[in-house]
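Q: Would you mind keeping the following structure in view while I ask a few things?
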Amino acid sequence: MRVLLCEDQEVFRLGLRGVFETEPDLAVVAEVSNVVEALDVVNGPGTQVVVLRQGLVGHSSLPLLRDLCGRGTGVLMLTETRSRSDPGLMEVLQAGVRGSLPRCSAARSLVDAVRSLARQDTALDSAVASQLVRHLTGDAERTGAEGRALDLLTERQRDVALLVAEGLSNGEIAGRLFLSPATVKSHLTAVLRRLDIRTRTQLAILLNRDHRPAA
C-alpha cells in the first residue's frame, strides 16, 4: 500500500514515516508540505492513501482537496483537536475525505486507518462520526447568527481571534503562534470580514460575550 505524507512539520512527518515503514505492507512513496504538491505526486503512479494535516486545508484549497479525493485516492485527515463541532471538518468530509483521526492518535490507529482507506473503506474517529450523524440528521450545531462566532472560523483564525480577545497585539500573537505579523494581520482581516465586524475591539466584545459563563 503506497502512502503519501502531506505534512509541513518535519519532525511530525519523520515520525509518520517511521510508523508506516515498520509495517511490511506499507510504503511511503513521497513527502510533501501542501495540497498542491500532493496533487502533483498523485498524478504519478500508484498513490493509494494521502495522510494530510487538516491545518494545511483552508477554504481556498477545498477545490484542490476535492480534486485529490476525486482521483480515487483515500485521504486520511489528521485533525488538531477533538472538538464536538468543527464546521471546517464537515467541509472536508463533503469534499470527499473518507478518513479522519486526531493528530495525536496511536500508531496502530493510524496504520489501521490507512489500510481501511486503501481498501476503499472509511476510517472515522468516533467523535467525527458522531458529528457527521448530527449533521446528516439536522441536529448539528448551526452556524450563522444563531451559532457561536468561533464556529464560523478556521482553526488558525480561531487561534488568532481568541488571542485578540485576550488583548494581545499582532506582534504578541505572532510570537505566541510562531507566525509572521503579516500573517497574523491577514488572518485577522479574514476574521473581521467573516464575522461582519470592523474592529478588533468589536471582535473582543463579541468573543467575550459568546464565552460568558451562564448564570
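The values are calculated or read from the model by the stated rules, or taken from the named source; none is laboratory data. Only a predicted model underlies this, so the values are computations on that prediction, with no experimental measurement involved. Methodologically, a virtual Cβ is constructed for each residue, glycine included, from the backbone with ideal geometry; neighbour enumeration extends over all protein chains shown.
Q: Name the helices (runs of 4 or more DSSP H) wholly inside region 162-215 in which the number of residues that are at pLDDT 90 or above and out of contact with any helix residue (DSSP H, G or I) (no Cβ under 9 Å at 6 or more places or on another chain) is 2 or more. Can you show your working first?
A: On the way: elements: 170-177, 181-194, 200-210.
Correct list: 181-194.
Q: Going by what's in this entry, would residue 158 be described as touching a Leu at 6+ places or on another chain (Cβ under 6 Å) and either among the charged types (D, E, K, R) or at pLDDT 85 or above (or both)? Steps first, please.
A: Values: touching a Leu at 6+ places or on another chain (Cβ under 6 Å): yes; either among the charged types (D, E, K, R) or at pLDDT 85 or above (or both): yes.
Judged against the criteria, residue 158 is a match.
Q: Return the residues of region 184-196 that are surrounded by fewer than 18 Cβ atoms within 10 Å (Cβ to Cβ) and farther than 13 Å from residue 152 by Cα; say none if nothing qualifies.
A: 185, 186, 189
Q: Within 19 Å of residue 13 (Cβ to Cβ), small (Gly, Ala, Ser) and either at pLDDT 90 or above or crowded, with 16+ Cβ neighbours inside 10 Å (or both), is that true of residue 38? Talk me through it step by step, then tell me what you get.
A: On the way: within 19 Å of residue 13 (Cβ to Cβ): yes; small (Gly, Ala, Ser): yes; either at pLDDT 90 or above or crowded, with 16+ Cβ neighbours inside 10 Å (or both): yes.
Considered against the rule, which asks whether it is within 19 Å of residue 13 (Cβ to Cβ), small (Gly, Ala, Ser) and either at pLDDT 90 or above or crowded, with 16+ Cβ neighbours inside 10 Å (or both), residue 38 comes out as yes.
Q: Give the residues of region 38-64 that are of a type in the set (Ser, Thr, Tyr) and part of a loop (DSSP other than H, G, I, E, B), sorted by residue number. If you could, list the steps in order and put the result at the bottom.
A: Within region 38-64, the first condition is being of a type in the set (Ser, Thr, Tyr), and the residues that meet it are 47, 60-61.
Result: 47, single match.
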